[in-house]
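Working notes, beginning with the structure itself.
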Amino acid sequence: MSAPEDEERLLPLTQRWPRASKFLLSGCAATVAELATFPLDLTKTRLQIQGEAALARLGGGAGEAAPYRGMVRTALGIIQEEGFLKLWQGVTPAIYRHIVYSGGRMVTYEHLREVVFGKGEDKHYPLWKSVIGGMMAGVVGQFLANPTDLVKVQMQMEGKRKLEGKPLRFRGVHHAFAKIFAEGGIRGLWAGWVPNIQRAALVNMGDLTTYDTVKHYLVLNTPLEDNIMTHGLSRGLLYKSSTDCLIQAVQGEGFMSLYKGFLPSWLRMTPWSLVFWLTYEKIREMSGVSPF
């Protein structure tokens, strides 16, 4: 065996397979963040589902079975009616989703930043490149993760179906994947992917662009070092299409119905991003991978 091959075998795995390593590390960080903030995601989903105009299709009295409740009352209601651990119902597919989603978006963004667009000689990465890279990374990550995203939401609603006396649809995560695939084929697993990637593009334009730009600005232009302080500072079956969903929601419940679940969603994004970035940067450091 030649000397270069011997040297390559002696390199750490993070250097031999850098992209695969970053994918796994980001997935680990996303798992920690998801476990810490998942109850808020479940509460948001329950608030958004309650009182949907689409319930009218299932019977005139369906709306009475799901009264509107605020964020706190919804969370307390889940605990009282279903049990404390039900706040994490659907967390397994959510973790699957974020391993794929976060891994895909982080690897894509770094590849675009380091290889496709490239930094300037002064190590400066222009904002416009960061914006485009963030949006493209969000699209790739969400498209890859759409099947797990779909299963996550379906699993979250199983507790509500049980309370309404309806039979449970799934025995578990893998059964949910198999059933959705059997009923809708490969296209069924990507139901709703268009609005999902649109949202992901905007979310990552804000998340990745903000964190990357602010962090490197602080490191290059202030006495702050690349440490935890800097990291903390930076921080369809009922609808024919996304347009059909939008029209029915506004017609049936008014424009403000589009913002149901906004508060828990907003409250979740800040701690999720904080936990994710702090964890991600730390495990990169522990694994011998250069800071993001």
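The values are calculated or read from the model by the stated rules, or taken from the named source; none is laboratory data. Everything quoted here is computed from the prediction, not taken from an experiment. So basically every Cβ, Gly included, is an ideal-geometry build from the backbone, and we count neighbours across all protein chains shown. These area figures cover heavy atoms from the full protein model, side chains too; ligands, DNA and RNA do not enter into them. Shrake-Rupley method; radii C 1.70, N 1.55, O 1.52, S 1.80 Å.
Before moving on, here are some points about what is shown:
- Among helices (runs of 4 or more DSSP H) entirely within the range 71-171, having at least 3 residues that are hydroxyl-bearing (Ser, Thr, Tyr) singles out 91-111.
- Flag if Ile180 is surrounded by 13 or more Cβ atoms within 10 Å (Cβ to Cβ), within 22 Å of the chain's Cα centre (by Cα) and more than 21 Å from Phe23 (Cβ to Cβ): yes
- Within the range 70-113, the set of residues being open to solvent by 40 Å² or more (accessible area, probe 1.4 Å) and either within 14 Å of Ala33 (Cα to Cα) or among the β-branched types (Val, Ile, Thr) (or both) comprises Val72, Ile79, Trp88, Thr92, Tyr96, Ile99, Val100.
- Hey, Ala53 modelled with pLDDT under 85, farther than 22 Å from Trp193 by Cβ and crowded, with 18+ Cβ neighbours inside 10 Å or not: yes
- The residues of the range 136-154 include none that are modelled with pLDDT under 80 and open to solvent by less than 30 Å² (accessible area, probe 1.4 Å).
- Filter pass, Thr213 being at pLDDT 75 or above, over 26 Å from Phe38 (Cα atoms) and surrounded by 15 or more Cβ atoms within 10 Å (Cβ to Cβ): yes
- Residues that are modelled with pLDDT of 50 or more, of a type outside the set (Ser, Thr, Tyr) and surrounded by fewer than 12 Cβ atoms within 10 Å (Cβ to Cβ) within the range 217-239 comprise Leu220, Asn221, Pro223, Glu225, Met229, listed in sequence order.
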